[in-house]
Amino acid sequence: MATNPEIERRRTFAIVAHPDAGKTSLTEKFLLFGGQIQVAGAVKSNKIKKTATSDWMDIEKQRGISVTTSVMEFDYKDYKVNILDTPGHQDFAEDTYRTLTAVDSVIIVVDGAKGVETQTRKLMEVCRMRNTPVIIFVNKMDREAKGPFDLMDELEEELVIHVRPLTWPIESGPRFKGVYNLYEHNLNLFQPSKQVVTEKVEVDITTEELDNRIGHDLADKLRGELELIEGVYPEFNVDEYLQGEVAPVFFGSALNNFGVEELLNTFVEIAPSPRPVKAEERTVMPDEPKFTGFIFKITANIDPNHRSCIAFCKVCSGRFSRGVPYYHVRHDKTMRFSSPTQFMAQRKTTVDEAWAGDIIGLPDNGTFKIGDTLTEGEHLHFRGLPSFSPEMFKYIENADPMKQKQLAKGIDQLMDEGVAQLFINQFNGRKIIGTVGQLQFEVIQYRLEHEYNAKCRWEPVSLYKACWIESDDPAELEAFKKRKYQYMAKDREGRDVFLADSGYVLQMAQMDFKHIKFHFTSEF
């Protein structure tokens, strides 16, 4: 574990969930407790003019969804908390997967009525691959929800992880009375209010005081359920949580600010401080004296007045200092950063130093790619930032001949962000954009127009999958390219990509060309 108190007090985590489960609302309430915002914003645009802090792109405010991961940091008690609020929509899953490489733990938000949904399962798989510790927050208990025991079974079964409730709900929907905190042994009574934090009562559950507070029937039911919990679930063990074997579960309502403070208090207490990160060469420990870090995300135009890109760097070890020269491994040269920033979504402040676990923004004019490593001179490569094979493809064409330059720059910067992937068809030289979901095409078109003043037009192209190909047999590779010349393309790195137009064609190609390797992520 880290021995440096600065690193020890860092808590870097992502909030993930299926769309609409209440991730962004939960983030807002955390910021409220962290004193970063005075009034929590709403995600859906309505009469309240304040939108959520973490949804700052125009398109996010209009649609009421998150399309890019936002980074926010605040101090809470003695801890420094870094939150990454991720998009839940499956079309932006890749952004979320990448973000999970930069965090030490995860909070999964589950809708109490809908239970575990597809996107939640996928995200859990990513956490399991990395043994990332997970806390589950069952949200929207102020609406009709499934029975808590059913929910616990579903979480265990669907997410393939042991669960242990740390708070327990008393009814749901209009009958929702509050939650009993099993960790601190007190009762939190619910008053539906979005601005006021609810009252907490120290109650001995064996006495009549509980009956006076919530009524005789509910008190009896609660006693029975708590007894059952103690019988069914083993005692909560923090080490098992840190190893990713057991997930503590909390119940509440993010919108009504209920159950959120308990979650935050327990989280900062039990969540891991920065953990060791595996590089190709060795494992990097957070409390090593020398700085190392990697770029896991690039965002263009955070500030619409300055057409600049920001590269998000996760500090893996040591201390980052402003103005000190650091070594950029891929370019093999040293660089200085005079204005590194830390974020509150779009508001950013310049920082003089950052420690392992922090996320800093570095101004980027094309020097960075996702996965780049910065060190104090050591040759290190951090892995684990794949680009997945896209499943939807369209030709991108310029819709305004006067704006050719703007379009080219816009496409370049958006591709650097990892929003989508660009392939150049070797047969006709046309640009093909590949994405994981339909919504990304709309986001690209919208951002090209509003951020780069360029118009694009999409044209259909019928393709099934993109696969990167390589072979130790140059003759066979050449023969393959000749036979498939209409379907060969290059990616931005100049690597060969085969654009298969159907599953059958891909299968046949794999059978006919035994010495060619077909890869479905760009990391090989």
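The values are calculated or read from the model by the stated rules, or taken from the named source; none is laboratory data. This structure is a prediction, so every number in the text was calculated from the model and none was measured. Cβ sites come from the backbone with ideal geometry, for glycine too, and all protein chains shown count toward neighbours. Ligands, DNA and RNA are excluded from the accessible area calculation, which covers all protein heavy atoms including side chains. Shrake-Rupley method; radii C 1.70, N 1.55, O 1.52, S 1.80 Å.
Details
- Residues in segment 456-467 that are open to solvent by 100 Å² or more (accessible area, probe 1.4 Å) and either part of a loop (DSSP other than H, G, I, E, B) or in contact with an Asp or Glu (Cβ under 6 Å, 6 or more places away or on another chain) (or both) were compared, and the one that is nearest to residue 518 (Cα to Cα) is 464.
- Residues satisfying the stated conditions in segment 142-195, i.e. in a loop (DSSP other than H, G, I, E, B), closer than 12 Å to residue 250 by Cα and not aromatic (Phe, Trp, Tyr): 166, 182
- Single unsatisfied condition, residue 448 versus (1) farther than 29 Å from residue 512 by Cβ; (2) open to solvent by 70 Å² or more (accessible area, probe 1.4 Å): (2)
- Qualifying residue in segment 381-392 (condition: under 30 Å from residue 268 (Cα atoms), at pLDDT below 80 and surrounded by fewer than 16 Cβ atoms within 10 Å (Cβ to Cβ)): yes
- Picking from residues in segment 399-428 that are among the polar types (S, T, N, Q) and under 21 Å from residue 439 (Cβ atoms), the one that is surrounded by the fewest Cβ atoms within 10 Å (Cβ to Cβ) is 421.
- Criterion: of a type in the set (Gly, Ala, Ser) and open to solvent by 50 Å² or more (accessible area, probe 1.4 Å) - qualifying residue of 231, 293: 231
- Condition check for residue 138: in a strand (DSSP E or B), buried (at least 23 other Cβ atoms within 10 Å of the Cβ) and out of contact with any Lys or Arg (no Cβ under 6 Å at 6 or more places or on another chain): yes
- Segment 498-512 - residue that is touching a residue at least 40 places away in the same chain (Cβ under 8 Å) and over 13 Å from residue 391 (Cα atoms) and, of those, most open to solvent (accessible area, probe 1.4 Å): 505
- Being touching a residue at least 40 places away in the same chain (Cβ under 8 Å) and of a type outside the set (A, V, I, L, M, F, W, C) holds for only one residue in 405, 394, and it is 394.
- Scope segment 202-261; condition among the hydroxyl-bearing types (Ser, Thr, Tyr) and either part of a strand (DSSP E or B) or farther than 26 Å from residue 159 by Cα (or both); matching residues: 206, 207, 253
- Residue list for segment 411-449, restricted to those being touching a helix residue (DSSP H, G or I) at 6+ places or on another chain (Cβ under 7 Å) and part of a helix (DSSP H, G or I): 414, 438, 439, 440, 443, 444, 446, 447, 448
- Sole exception among (1) within 20 Å of residue 367 (Cα to Cα); (2) open to solvent by less than 70 Å² (accessible area, probe 1.4 Å); (3) free of Cβ contacts under 8 Å to residues at least 60 places away in the same chain for residue 441, by number: (1)
- Criterion (modelled with pLDDT under 90, within 11 Å of the chain's Cα centre (by Cα), closer than 20 Å to residue 439 by Cβ and not hydroxyl-bearing (Ser, Thr, Tyr)) met by exactly one of 88, 64: 88
- Among the residues of this structure, residue 431 counts as one that is without any contact (Cβ under 8 Å) to a residue 40 or more places away in the chain and among the charged types (D, E, K, R).
- Some residue of segment 256-268 being touching a residue at least 60 places away in the same chain (Cβ under 8 Å) and small (Gly, Ala, Ser): yes
- Enumeration of residues in segment 286-319 that are at pLDDT 85 or above, in contact with a strand residue (DSSP E or B) (Cβ under 6 Å, 6 or more places away or on another chain) and assigned to a loop (DSSP other than H, G, I, E, B): 286, 288, 291
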